[in-house]
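The values are calculated or read from the model by the stated rules, or taken from the named source; none is laboratory data. Just so you know, these numbers come straight off a predicted model, no measurement behind them. Cβ coordinates were reconstructed from backbone atoms using ideal geometry, including for glycine residues, and neighbour counts include every protein chain displayed. For accessibility, only protein heavy atoms count, side chains too; no ligands or nucleic acids. Shrake-Rupley method; radii C 1.70, N 1.55, O 1.52, S 1.80 Å.
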Amino acid sequence: MAGSLKELSIIIKSGSFLREKSDYDDFFVAGRKETENQLANAKIFLETVEKYLKEIE
């Protein structure tokens, strides 16, 4: 399932936020639920990019 532009924007913001927390917060540890959610979001993002690239060929 491909994501909308709004959904992709939320995915990017969420991933960026968690990456910054893991880089700069001394005691940040990503939990299992956060990790699973980020993995699911990455799959949506990848599917959307792949679909877009196929469309522009």
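Here Val29 fulfils each of the conditions (1) among the aliphatic types (A, V, I, L, M); (2) modelled with pLDDT under 95; (3) part of a helix (DSSP H, G or I) apart from (3). Within the stretch 1-26, residues that are farther than 19 Å from Phe45 by Cα have Cβ atoms under 8 Å from residues that are open to solvent by less than 60 Å² (accessible area, probe 1.4 Å) and among the aromatic types (Phe, Trp, Tyr) in these pairs: Lys21/Phe28; Ser22/Phe28, counting only partners at least 6 apart in sequence or on another chain. Taking the condition of being surrounded by 11 or more Cβ atoms within 10 Å (Cβ to Cβ) and either more than 11 Å from the chain's Cα centre (by Cα) or over 26 Å from Leu5 (Cβ atoms) (or both), how many residues in the stretch 16-33 meet it? Counting residues in the stretch 16-33 that are surrounded by 11 or more Cβ atoms within 10 Å (Cβ to Cβ) and either more than 11 Å from the chain's Cα centre (by Cα) or over 26 Å from Leu5 (Cβ atoms) (or both) gives 5.
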